[in-house]
Structures are given as structure tokens and as C-alpha cells.
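Enquirer: Take a look at this one; I'll ask things after.
The values are calculated or read from the model by the stated rules, or taken from the named source; none is laboratory data. The model shown is predicted, which means the values in this text are computed figures rather than measured ones. A quick note on method: Cβ atoms are made from the backbone with ideal geometry, for glycine too, and the neighbour counts reach across all protein chains shown.
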Amino acid sequence: MKVLIVGSGGREHAIAWKVAKSAKVDKIYCAPGNAGIAEFAECVPIGAMEFDKMAAFAKEHQVDLTVIGMDDPLVGGIVDVFEKEGLRVFGPRKNAAILEGSKAFSKDLMKKYKIPTAGYETFDTPEAALLYLETAEMPIVLKADGLALGKGVLICNTREEAKEGVKTLMLDKQFGSAGDRIVVEEFMTGREVSVLSFVDGDTIRIMTSAQDHKRAKNGDQGLNTGGMGTFSPSPFYTEEVDEFCRKYVYQATVDAMKAEGRPFKGIIFFGLMLTEKGPKVLEYNARFGDPETQVVLPRMKNDIVEVFEACVDGTLDQIQLEFEDNAAVCVVLASEGYPEHYEKGYPISGFENFKNHDGYYVFHAGTKFDDEGRIVTNGGRVLGVTAKGENLKLARENAYRATEWIEFGNKYMRDDIGKAIDECKQ
């Protein structure tokens, strides 16, 4: 069969790599793709938001299944466009992708269906938000309601910071229209854990846990990024946590969406905070997380295309997900200066080192071919270097060793990815 993947980052590279392993697939396209994805797929110069163009391409090339990797096209309704054309597509429709597209919607959903989350208020005007902040407890969290590339969350320790945050989001429009409405949320403390799941509208199947590092600099300092590294599984995601979330969070979310007339098919990413009062939902995403995908998929034993099709067909109850009994760590190689100002166009060398090493992977996020056919840097997050190991400490050791195999001009990485591994009592 023919598969089309929509997106151009490390997540889509990991998906393309996994799809290429499926016995069912003989041709992969990716739009728009990147230099790494080109190893497995024919890259097509169509933008992720060019829905009609994308659907026309899928029809013309008799694509059997399209997999949407990114949040923007999902929230924008690409699945609806494909379905209207009679095309098979993996991902939630627009009315279900709102689970990620609107923080206010997802918070209201959790409140209505008693899914544990932080207390919150929603504001449509800066005046109302500022008035609320006069008496609110600090620290506090401000979130842009809409999509903001994973960066529209401000943690404010003082009232002054919080007021400045309202100005940043609602008046200065740092994240554009995403900040027209904001959610002001109580500050929660605890370990963060990411859990990805496949959903077919009724049934949910949980993948292995992971943990992300969002801040740009060592020691969780600096600005929020799209993710500087991950590890899987999380040692803090215990059997007790899993049992609680299966009972009160996972199926409850799927059932809530169905009850609202918004049946969800695709990936639900649960961002959890393990608080003293138990696990609570920090956020939902309506697609694979990046870079979480880069540590979860290498550990997954299933044929991913079979799972995609089961979600589309509503037969996920017939599938059991299986994961290797090991660990994986991903270290992101970024451009010095990310996420603010950085230069692109540096040639990258060392990819051949991964060819003969089993359990070592390099996923491209911000790369392209230059005029001479060389692979060069083309973004803030350039590559995700992933390695497996029989436990988290060995996987981390392997991943950092593998980062030395790659060279480019302004290469930057955090050297404390997976530091929480050493803090675990297990």
C-alpha cells in the first residue's frame, strides 16, 4: 500500500522510519518532509496547510492512507477535507482536534467530566484577567488558548510577572491570535510525565511513558522550546499511577469526547503532572509528541500501519500494543541560540556512523539538502539522536556517545537530559 505522511520534523521522520518497517507498505510519500525523511519517503513540496492540494495529490497518486503528524493541519480541519474526498486518513477531525486547539475547551471538558486537572479561570479580555490576578495566589500559570508551537505557557512567580504575562499574551500578541483568550491556572508541582495513546473513537490503547525536557538550557533554565530531549519509560510512571489514570483519565477522556459529539480518532497525548494529591492532566495534544515519538516508536514492537488502520476502522479493541522491555533516550542537537536567534545552512557530517550500530537512530527535525546535495541545518532543533539500552542509564550513556558522531557548525545540546533518572528511588 501507499502511505502519505504530513509534516517535516523529527516526529514525522520517526513515523516514516516506523512505517517503512511495515510489511504492508511499498511506497511512502511525505509532504513537505526533510533531508532525513528522504531516505524512506519521496518528499513532496506541498505545505502542511495546503489541504486541497494535499488531498488532490493523495487522490492522484492513489494513496491508501494519510497520516497527519502536525497539530496545525489537524486543528485546521485537514482530516475533514480528506474524508469528504473519500480518502482514508489517520487523525482527529476538526471538531475533535479542538482538544489541543483550545486550552479553554479542554479545561471545561475536564471540569464537566470530573477528569483531574488544575483549578483555572478563562479570560477573553486583559482587563478581566488583570482584575483576577489582584487576588490570585502566586505562583500562577498563564496559557494562550490556541496553538503556540508549545511555547504559549508562562509560569509567573510574582504578581508583577503575571501582569506582564497578560500583556505579553493578550496585548503584545507574542503568540498571535492564540493569545486572544487565556487560561489562568493554579500552579502544580510534581513530576511531569507524557503518555501517548492510540484511539479509535471508543477504545484507547496506551503506549509506553516518556518524559520531555522543554527548557533550552541545562538545569531547566532558559526559554521553553519544542523539546531538547526525552527518555522512555519514565521511572515515575508507576503501576499505581497507571491504574489511576486508566480509571479516571484515559478512557474518561475518550468517553467525554464521544458524549460531546466529537468522537476522537487518532493520537491523544496526555501531559500529566504527578502531584501530591495524585496525577492530574496538564494538557492534551491531538497528535504524537515531538521528541517523545523519537523514544517511544523505537521501543514499539507492533506494525504501526496495522494500528493506524485499526484506529480508522474502529477495531482497536482487537489490538494489544507491545513494547520492548528496555529504555531509550533522545538528545536534541540544536542550533546555538535556539529558540531565539540562530543561523542555518551549516553542513552536517557523521550520519554514516549510525548505519552499523543497532539501537542507535538519528531523526532529522530541521535539515534540508543544499544546492550541492549536502545535508545542512535548516532550523532551531536540527536532529534528535536516540539510543536504546537495557535500562535508562545505559540508554542515556549510549545516546550521549552517539551525539559525538555528528558534527555541524553551531551544534548545541543540553548535557543533562535524563537527569531525573538519577533522582529516582527505584
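Enquirer: Of the residues Arg374, Arg414, only one is basic (Lys, Arg), at pLDDT 95 or above and under 14 Å from Gly36 (Cα atoms); which?
Expert: Residue meeting the stated conditions: Arg374.
Enquirer: In segment 290-312, what residues are within 18 Å of Ile204 (Cα to Cα), part of a loop (DSSP other than H, G, I, E, B) and among the acidic types (Asp, Glu)?
Expert: Answer for segment 290-312, where residues must be within 18 Å of Ile204 (Cα to Cα), part of a loop (DSSP other than H, G, I, E, B) and among the acidic types (Asp, Glu): just Asp303.
Enquirer: Could you tell me how many of the residues in segment 347-370 are of a type in the set (Ser, Thr, Tyr), surrounded by fewer than 21 Cβ atoms within 10 Å (Cβ to Cβ) and more than 23 Å from Asn326 (Cα to Cα)?
Expert: 1
Enquirer: Is it the case that some residue within segment 390-406 is assigned to a strand (DSSP E or B) and touching a residue at least 40 places away in the same chain (Cβ under 8 Å)?
Expert: The answer is no; no qualifying residue exists.
Enquirer: For segment 326-344, indicate whether the set of residues that are of a type outside the set (Val, Ile, Thr), closer than 20 Å to Ile37 by Cα and in contact with a Pro (Cβ under 8 Å, 6 or more places away or on another chain) is non-empty.
Expert: Yes, segment 326-344 has at least one match.
Enquirer: Oh, and also: May I ask you to say which residue of Val312, Val305, Val241 is surrounded by fewer than 23 Cβ atoms within 10 Å (Cβ to Cβ), closer than 23 Å to Lys107 by Cβ and among the β-branched types (Val, Ile, Thr)? Give the derivation first.
Expert: Numbers: Val312 fails: closer than 23 Å to Lys107 by Cβ; Val305 fails: closer than 23 Å to Lys107 by Cβ.
It is Val241.
Enquirer: Suppose we filter segment 390-413 for residues that are under 19 Å from Phe351 (Cα atoms) and in contact with a Cys (Cβ under 9 Å, 6 or more places away or on another chain); how many remain?
Expert: 1
Enquirer: Go over the candidates Asp422, Asp358 one by one and state the one that is assigned to a loop (DSSP other than H, G, I, E, B), acidic (Asp, Glu) and either modelled with pLDDT under 95 or within 26 Å of Ala210 (Cβ to Cβ) (or both).
Expert: Asp358
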